[in-house]
Every structure is written in C-alpha cells, then in structure tokens.
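Notes follow the structure.
All of the numbers you see were taken from the coordinates with simple rules; none came from a lab. All of these numbers come straight from a predicted model, not from anything done at the bench. Cβ: placed from backbone, ideal geometry, glycine included. Neighbour counts: every protein chain shown.
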Amino acid sequence: MSDCQHEDFQANVGVHRLTRGDDGPVYAWIADVEVKCSQCGLPFEFPGLANGISSTEARVSINGQKMSVPLKPADKQHFEFFPGFDVRQTA
C-alpha cells in the first residue's frame with residue numbers, strides 16, 4: 001500500500017475515428033480516458049460503469065482503468081449507432 005496522497009494527476013485522452021473500412025467515411029467517434037497519479041504512477045479506476053464499448057454510454061475496460069466514451073461534433077444533430085459489446089461475469 002502506497003503512502004502517496006495522490007495530489008497530482010496525469011490524464012491521457014485518445015480520440016478515435018471509426019470508419020467503414022480502411023479509407024471509408026467516419027461514422028462515429030470514441031474518446032478513451034486514462035488517469036494516473038503523477039507522483040507514484042498508480043492508475044485510477046472508473047467505478048460504476050459496465051465493461052465493454054457502447055455508442056450511447058460510457059463503458060470501462062476489463063481492468064477498470066480506461067473509460068471509453070462516445071462523442072460527436074457539436075454541429076452534428078444525429079450520430080450513427082454502432083455495434084458495441086458488454087462484458088459480463090459468468091459463474
């Protein structure tokens with residue numbers, strides 16, 4: 001257990017354009033967010049989110065340390081839904 005007070009942070013945000021094929025048109029965007037303590041390097045987790053990817057809701061990676069959030073340009077009235085997935089624990 002670390003004695004670090006976690007007072008300073010480093011955040012990484014990657015924005016990804018989803019296309020149809022290698023050179024196809026962009027139909028959706030996803031932002032991946034990761035946060036860690038810049039003093040001790042401990043990653044932070046995003047509790048309370050389902051695991052997976054969604055075109056309508058924030059989701060989190062299996063280890064809880066990367067949040068994926070759908071987004072769209074402000075000038076777009078609508079955005080296209082894309083197939084996502086949920087990861088669920090089974091017995």
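Points to keep in mind about this one:
Okay, residues lined up against (1) without any contact (Cβ under 8 Å) to a residue 24 or more places away in the chain; (2) closer than 27 Å to residue 3 by Cα:
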{"residue": "21", "(1), (2)": "yes, no"}
{"residue": "30", "(1), (2)": "no, no"}
{"residue": "34", "(1), (2)": "no, yes"}
{"residue": "40", "(1), (2)": "no, yes"}
{"residue": "46", "(1), (2)": "yes, yes"}
{"residue": "51", "(1), (2)": "no, no"}
{"residue": "55", "(1), (2)": "no, no"}
{"residue": "68", "(1), (2)": "no, no"}
{"residue": "72", "(1), (2)": "no, no"}
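Conditions (1) surrounded by 13 or more Cβ atoms within 10 Å (Cβ to Cβ); (2) more than 29 Å from residue 73 (Cβ to Cβ); (3) touching a helix residue (DSSP H, G or I) at 6+ places or on another chain (Cβ under 9 Å), marked per residue:
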site: 2; (1), (2), (3): no, yes, no
site: 15; (1), (2), (3): no, no, no
site: 27; (1), (2), (3): yes, no, no
site: 32; (1), (2), (3): yes, no, no
site: 35; (1), (2), (3): yes, no, no
site: 41; (1), (2), (3): no, yes, no
site: 47; (1), (2), (3): no, yes, no
site: 52; (1), (2), (3): yes, no, no
site: 56; (1), (2), (3): no, no, no
